[in-house]
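The values are calculated or read from the model by the stated rules, or taken from the named source; none is laboratory data. All values derive from a computational prediction rather than experimental measurement. Here the Cβ is made from the backbone with ideal geometry for all residues, glycine too, and neighbour counts use every protein chain on show. Calculation scope for accessible area: heavy atoms of the full protein, side chains included, ligands and nucleic acids excluded. Shrake-Rupley method; radii C 1.70, N 1.55, O 1.52, S 1.80 Å.
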Amino acid sequence: SQKGAKGEALAKIICEHVAESSKNIDLSTPNNTISALESLHKKIRYEFISETACYAIACIDNNGDGWAISCGDCRIGLINNSSKEWLNPVHTLANAVNKVFTHNEATSPERHKVTRCWKSNRFIKPETIVLNIGSSNICLATDGHWIEHEMLKIPIHEISDDSSLLTIDRGKSYKNINGS
């Protein structure tokens with residue numbers, strides 16, 4: 001998720017850079033991905049002076065082991081049957097000291113003030129979590145989805161914020177763009 005006049009372009013560049021750099025680095029730990037993000041930040045920081053971005057990235061192997069990084073109010077979750085468990089903390093003023101995000105925090109104006117995010121003035125290291133998801137599915141969600149749609153029960157078509165959810169079903173096979 002992103003903000004600013006060129007926020008959409010910033011988010012696209014970050015996504016493309018992570019996807020491209022993941023082809024050439026060791027993904028067994030998040031350190032190389034974080035270094036790739038920091039390198040990108042140095043390269044484009046003056047092009048996106050007033051834009052910010054929140055993000056979540058997960059890397060899972062075939063055994064369900066892996067890691068995830070997050071910065072801001074995007075979430076990483078596990079899905080078992082119809083229940084969802086959010087794994088990472090939320091970096092906002094509304095819950096600066098709490099790991100759990102409550103309904104009161106969801107309705108607080110401070111939830112829109114992120115305490116960690118991509119911004120031009122300095123690279124902020126993302127939060128890292130180690131994962132073993134077993135047979136669960138994993139999802140990544142923006143605040144528009146997990147707060148507004150899921151917590152506050154606002155219908156998707158009425159949400160003005162970005163409301164994105166990516167779910168990866170471990171029971172399915174996926175092919176990359178090249179078909180392998």
Going through the stretch 1-27 in order, the residues found to be surrounded by 12 or more Cβ atoms within 10 Å (Cβ to Cβ), among the polar types (S, T, N, Q) and not in a helix (DSSP H, G or I) are SER1, GLN2, SER22
Picked from the stretch 138-161 (must be part of a strand (DSSP E or B) and out of contact with any Ser or Thr (no Cβ under 6 Å at 6 or more places or on another chain)), the residue most open to solvent (accessible area, probe 1.4 Å) is LEU140
By residue number, the members of the stretch 28-59 that are surrounded by fewer than 17 Cβ atoms within 10 Å (Cβ to Cβ) and part of a loop (DSSP other than H, G, I, E, B) are SER28, THR29, ARG45, TYR46, GLU47, ILE49, SER50
Worksheet item: Just to be sure, is GLU105 modelled with pLDDT of 90 or more, crowded, with 18+ Cβ neighbours inside 10 Å and not in a strand (DSSP E or B)?
Response: yes
Of the listed residues (ASN98, ASN132, ASN137), the one being of a type outside the set (Asp, Glu), in contact with a Lys or Arg (Cβ under 7 Å, 6 or more places away or on another chain) and farther than 28 Å from LYS42 by Cβ is ASN137
* Looking at the stretch 69-90, is at least one residue in a strand (DSSP E or B), of a type in the set (A, V, I, L, M) and touching a helix residue (DSSP H, G or I) at 6+ places or on another chain (Cβ under 8 Å)? -> yes
